[in-house]
Amino acid sequence: MKTNLNVPQSQTVQAFYLFFIVHTIQIGAGLMGVPRILFLDAQADAWISVAIAGVYLHFIAWIMIKILRGYENADILGIQTDLFGKFVGKTLGIFYLLYIFLILLSVIKNYIEVVQVFIFPEIPIWLMSLFLLSLMVYSVTGGFRVVVGTSFLFFLLTIWLVLTISKPITYMDWGHFTPILQTSWTDILKGAQRTAYTVLGMEILFFVYPYIKNKKNIALPVHLGLAMTTFLVMLVTVVSIGYFSPDHLRETVWATLSLFKIISFPVIERFDFIAVALWMMVVLPNIVLLCWMLVHSLKRLFHLKEKHSIFGVSVLLFIGALLVEYRMDIDLLTEWTARVGFWLVFVYPIFLFLYMKLVHRWRRRRRA
Amino acid sequence: MERRIPVKKELYMESLQKHFRNSPDLVNKTFTFNRQTIVIHFINYQVNKDQLERDLLPPLTNAKKPWTMESLKNAIPLSSSEEIKDFSSLARELIHGGVSVYIVGYEEVVVFTLPKQDHRALNRAETESLVFGPQIAFTESLMTNLNVVRWRLDTDDLTVEKFLVGERIQSEVRVIYLKSLANEENVQTMKQRIEDIVIDEIEDSTVLNQLIEDSSSTVFPQLITTELPDRFCNSIAKGRVGVLVDKSPTAIIGPMTLFNFFESTEDTYMRWNIGTFIRMLRFLSMVISIVLTPMYVAALTYHYEIIPSSLLVSLGQSRATVPFPPVLEALLLEILIELLREAGARLPTKVGQTMGIVGGIVLGQAAVQAGFTSNILVIIIALSALASFTAPSYMMGSAIRIIRFPMIILAGAWGLIGIVFALSFLVIHLLRQKSLGRPYLAPIYPFEASALRGTIFRLPFQKNAKRPSYVMPKDESRFDKKRAGTKRDRSSP
């Protein structure tokens, strides 16, 4: 496997789109339920957890960009084989693959669950998976530019949902936040760690880097995308804590979606129905980008044809979606994905960075 | 294979007769004077007789000296004379309105072209009618159309290239663009696609359009077909490539994006704020047309909760007697509207209006009274049908009407989830489309802020000094923005 990729000009995109790529892959299934998860750990100080997580995100992004800048046009798979040798590099690559598959499956399962709870209790799982997977296949077979376009357009089509949150804001009780810092720092940090599932996906930077046209300017859109993610997570967390009573929030699994319940327009009374249906458009860039990563990596690692691997992946996802049936299983899946993701996305890059510096210095010395 | 022209007179006349299978329309005349025998041939109705009798026959027969090939070509006061050696090209020239002059003893024939072609004069545009602005439309005659284009685009930069399409029956095709402006890749793609066509004959330019489009499986048109010379010329002046086909009143322009199909030349002729408003209205009406009926179906089939309680009462009352589920009810009415539209298009104009009234008012009113549909659905369907007709491109309007049907069925089957699935599918579908290899959703994706000013909005001309960048013109700047913005009126004291 070559470390650096040769990407044809027609497949590259401007760095500007990194904002949307990074942001839309992070926002999705996780955001629906993040307020409760944080609240369980960090109580009223959950917003501090989000702030810590947000700062940490930027730090990791900085490290990731540093790693990528160490090479000319490489992705994580190439870098790993370059640093660790062929065998270990490939094994780590497979590890990434499994992790991406898990997160993909958990996103699909979580959204299906939400649809069943909020709109259609009786809609069959296979049908919903078929909906999502067919859209995924249709987008990914269009090539990288269509994938990025999907992320960009669906962001534009759904971002206005943020504005509707202004209504719950008016009902917030600021007393829910005081007294500040009642929670222990360990719990707050634990909360910050629990944010991981919501903000997973930024590792796409490791995969998408060779496809960026103007590599010099990637830092700004990436950090803006992360800031936007942090802002959204912060917003829904703060509003949820202020809006729901503590006991209520503990029992509200998808607090973000429940916020939509009180929003109504002259012609639409229960907006949450529309919001949950539209959430498919929020989840879709997630699925599409993750699938692209999977297909791209399969091609890099095993030289699989994209067409074949796309259909292989969707068949596996379909079977997986049918097998993971109960709420408990979905929770377990999400839990495990979050745990693996935390180490792989938020810890591993630091190690990789230090190791890369070491290897590069050693190589330079040997050459000299 | 080249077939030579027979030298002997009898043989020559006989072979021509045989070639045209003794057609009664092939006229031959033999003159003998100055110790010379001259035979002329022409096809009766293809030749302008007045001109023939005034300009060709008198000088031919009044000659003092025997004719030679040279003198024949040069001494007769007609601009189009050609010397032909090949028999089959002689036959083709005769079909195109040529008069062949054959001097016994020569191996060549001189052909004078005096074509007569009946075609209608330039008329008002019918399908793309405008409230104001230039009114003429293209006609079926290629020469007339080219004449209009040359007249509108008064520059020697205008490049016209000729192609012949069709293996059995050939049609003349012209590719038109501005040399200094049109992107070479676009021109090359267009020319390549026209050259690559393998077909026996093309019926019309719309057929050519379907043959050169990027994707034939989608309902969305990718190149604009227009009958308006001003639209055609404006597009070419922006750096696009145009195509005219003989015998067809529709011109083709590309590359286009989805949003260009909602532009009308009228937006340009109106004041910018009104033009922008109208354009926004069209985008809105597209959304209404696609989403409104499916929303009604979804809400009434599955999600009663969405409808505000006050509205629910009146909705329930109007639907109380309707025996069908909302999907069927909606499909029924949608098909009724489509029937009316189709019948209106086919009926002779005199009957058309009456039928419109019968269909629209009587059928609609009766359907509600008979309890077939609810009043509110009639309003919704009428609104979305009306909205679909606001698209300035008839093809785009039809595409929008077609995609409503699967959307209604999906909404009936899976409610809001079905609608969002269909919309997502639509967006990805549009993302995958291309026009002459250029992205179809530009300037939204790939995002180009400067092109939004002219494509999505219609900002004042002084503020919009650029040609749309997604067309990739060689020169993006239309004029100097700074100079254009100032008016040097004498300020009053």
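The values are calculated or read from the model by the stated rules, or taken from the named source; none is laboratory data. None of these values were measured; they are calculated from a predicted model. Virtual Cβ from ideal backbone geometry, glycine too; neighbours counted across all protein chains shown. Ligands, DNA and RNA are excluded from the accessible area calculation, which covers all protein heavy atoms including side chains. Shrake-Rupley method; radii C 1.70, N 1.55, O 1.52, S 1.80 Å.
In Å², nearest 100, what accessible area do chains B and A bury in total when the solvent probe is 1.4 Å?
Interface between B and A: roughly 2900 Å².
Are there residues in the range B:381-430 whose accessible area shrinks by at least 40 Å² when all protein chains are included rather than the chain by itself, and which are they (probe 1.4 Å, ligands and nucleic acids not counted)?
B:Trp414, B:Leu416, B:Ile417, B:Val420, B:Phe421, B:Ser424, B:Phe425, B:Val427, B:Ile428
For the range B:274-438, give the percent of accessible area contributed by carbon and sulfur heavy atoms, probe 1.4 Å, rounded to a whole number. Don't jump to the answer; show the numbers that get you there.
Values: 5720 of 7540 Å².
Here carbon and sulfur together make up 76 percent of the probe-accessible area.
Just to confirm, what accessible area per residue do you get for the range B:274-438 at 1.4 Å probe, in whole Å²?
46 Å²
Only Lys, Arg, Asp and Glu count, each charged at its Cβ (+1, +1, -1, -1), so figure out the dipole size of the range A:9-367 about its Cα centre, rounded to 20 debye.
2160 debye
So how strong a dipole does chain B carry about its Cα centre when Lys and Arg Cβ are +1 and Asp and Glu Cβ are -1, to the nearest 20 debye?
Approximately 1320 debye in magnitude.
Using only the heavy atoms of the protein chains and a 1.4 Å probe, how would B:Leu130, B:Leu164, A:Leu38 rank by accessible area, largest first?
Most to least solvent-accessible, the answer reads B:Leu164, B:Leu130, A:Leu38.
Please state the relative contact order of the range A:37-148 as a whole percent: Cα pairs under 8 Å, 6+ residues apart? Intermediate results must be reported in sequence, preceding the final value.
Details: 35 pairs, mean separation 9.9, N = 112.
Answer for the range A:37-148 is 9 percent.
Compare B:Ser216, A:Ser134 by solvent-accessible area with a 1.4 Å probe and give them largest first, with all protein chains kept in place.
Result of the area sort, largest leading: B:Ser216, A:Ser134.
Once you sort the root eigenvalues of the Cα gyration tensor of the range B:123-256 as a ≥ b ≥ c, which label holds: rounded (a/c under 1.5), prolate (a/b larger than b/c) or oblate (the other case)?
rounded
What percent does the relative contact order of chain A come to when contacts are Cα pairs within less than 8 Å and at least six residues apart?
Details: 495 pairs, mean separation 143.0, N = 368.
Computed value for chain A: 39 percent relative contact order.
Could you check the simple spin-label distance between B:Lys482 and B:Leu57, using points 7 Å along Cα→Cβ, in nm with one decimal?
7.1 nm
If each DSSP helix of 4+ residues adds -39,500 (n - 2.57) and the sum is divided by the residues in chain A, what number results at 222 nm, nearest 500 deg cm²/dmol? Walk me through the numbers before you get to the answer.
Values: 19 runs with 269 residues, N = 368.
Mean residue ellipticity at 222 nm (helix-derived): -23500 deg cm²/dmol.
Sketch the reach of a paramagnetic label on A:Leu189 as a point 7 Å from Cα along Cα-to-Cβ, and name the residues of the range A:24-56 whose backbone nitrogen lies under 19 Å away.
Correct set: A:38-56.
If R₀ is 45 angstrom, what is the calculated FRET efficiency for the pair B:Tyr45 and B:Asp196, using the beta carbon separation as r and rounding to 0.05?
0.80
With every protein chain present, what is the per residue accessible area of the range B:123-256 (1.4 Å probe, Å²)?
44 Å²
Taking a ≥ b ≥ c as the square roots of the Cα gyration tensor eigenvalues, with a/c under 1.5 meaning rounded and otherwise prolate when a/b beats b/c, else oblate, which class fits the protein assembly as shown?
On the way: a/c = 2.61, a/b = 1.83, b/c = 1.42.
The shape class here is prolate.
Work out the mean other chain Cβ neighbour count within 10 Å for the residues of A:130-143 and drop it here as an integer.
Counting Cβ atoms of other protein chains within 10 Å of each residue's Cβ and averaging gives 3.
Using a cut-off of under 18 Å, list every residue of the range A:169-201 whose amide N is near the label point 7 Å from the Cα of A:Arg250 along the Cα-to-beta-carbon line.
Only A:176-179, A:182-184, A:187-188, A:191 pass the distance filter.
Which entries of B:Lys29/B:Lys64; A:Lys190/A:Lys213; B:Lys179/B:Lys466 have Cα-Cα distances beyond 27 Å here?
Among B:Lys29/B:Lys64; A:Lys190/A:Lys213; B:Lys179/B:Lys466, the Cα-Cα distance tops 27 Å for A:Lys190/A:Lys213.
What nm distance separates the two modelled labels at A:Trp336 and B:Thr37, each placed 7 Å from Cα along Cα→Cβ?
10.3 nm
Using the eigenvalues of the Cα gyration tensor, what equivalent ellipsoid semi-axes result for chain B when each is taken as the square root of five times the eigenvalue, whole Å, largest first?
57, 30, 21
Could you tell me the center-to-center distance, by alpha carbons, between the range B:211-283 and the range A:315-336 in angstrom?
Their Cα centres are 49 Å away from one another.
Residues of the range B:251-266 with the amide nitrogen closer than 16 Å to a label point 7 Å from the Cα of B:Glu161, along Cα-to-Cβ, please.
Zone members listed by number: B:253-255.
Would you mind getting the accessible area per residue of the range A:1-119, heavy atoms of the protein chains only, 1.4 Å probe, in Å²?
34 Å²
Taking R0 as 51 Å, what's the FRET efficiency between B:Glu70 and A:Leu130 from their Cβ-Cβ distance, rounded to 0.05?
Numbers: r = 80 Å, r/R0 = 1.57.
Efficiency at R0 = 51 Å is approximately 0.05.
Kindly report, to the nearest 10 Å², the accessible surface of B:Thr155 as traced by a 1.4 Å probe over protein heavy atoms only.
Its accessible surface works out to 60 Å², give or take rounding.
Given N residues in the range B:229-337, what is Rg(Cα) / (2.2 N^0.38 Å)? Walk me through the numbers before you get to the answer.
Working: Rg = 21.5 Å, N = 109, 2.2 N^0.38 = 13.1 Å.
Cα Rg divided by the expected 2.2 N^0.38 Å: 1.64.
Of all accessible surface on the range B:9-113 at a 1.4 Å probe, what whole percent is carbon and sulfur?
48 percent
Using protein chains only (no ligands, no nucleic acids) and a 1.4 Å probe, work out which residues of the range B:287-309 have their accessible area cut by at least 40 Å² relative to the chain alone.
B:His303, B:Glu305, B:Ile306, B:Pro308
Give, rounded to the nearest 20 debye, the magnitude of the charge dipole that the range B:274-438 has about its Cα centre when Lys and Arg contribute +1 at Cβ and Asp and Glu contribute -1 at Cβ. All intermediate terms of the calculation are to be shown ahead of the outcome.
Details: 11 positive and 5 negative charges, 138 e Å.
For the range B:274-438, the charge dipole is close to 660 debye.
Assign one of three labels to the range A:298-368, namely rounded, prolate or oblate, based on the Cα gyration tensor with a ≥ b ≥ c the square roots of its eigenvalues; rounded applies when a/c is under 1.5, prolate when it is not and a/b is larger than b/c, and oblate otherwise.
oblate
Using Cα pairs under 8 angstrom and six or more residues apart, how large is the relative contact order of chain B, in percent?
Relative CO of chain B lands at 13 percent.
Of all accessible surface on the range B:123-256 at a 1.4 Å probe, what whole percent is carbon and sulfur?
Its accessible area is 45 percent carbon and sulfur atoms.
Enter the mean number of other protein chain beta carbons within 10 Å of the beta carbon of each residue in A:151-163, as an integer. Intermediate values should be presented prior to the final figure.
Values: counts 1, 6, 9, 3, 0, 4, 3, 0, 0, 0, 0, 0, 0.
The shielding value for this peptide is 2.
Count neighbours as other Cβ atoms within 10 Å of each site's Cβ, and list the trypsin sites (Lys or Arg not before Pro) in the range A:232-316 that are DSSP loop with at most 15 such neighbours. Spell out each step's value before the answer.
On the way: sites: A:Arg250, A:Lys261, A:Arg270, A:Lys299, A:Arg300, A:Lys305, A:Lys307; in loops: A:Arg270, A:Lys305.
Filter output for the range A:232-316: A:Lys305.
Step through the residues of the range B:442-459 one at a time and calculate ³J(HN,Hα) from phi using the Karplus curve (6.51 cos²θ - 1.76 cosθ + 1.60, θ = phi - 60°), rounding each to whole Hz and writing x for Gly and Pro.
Those phi angles translate into 4, x, 6, 9, x, 6, 9, 4, 5, 7, 4, 4, x, 9, 7, 9, 9, 6 Hz.
At a 1.4 Å probe, which residues in the range B:436-461 are at least 20 Å² less accessible with all protein chains present than in their chain isolated?
B:Ile444, B:Tyr445, B:Phe447
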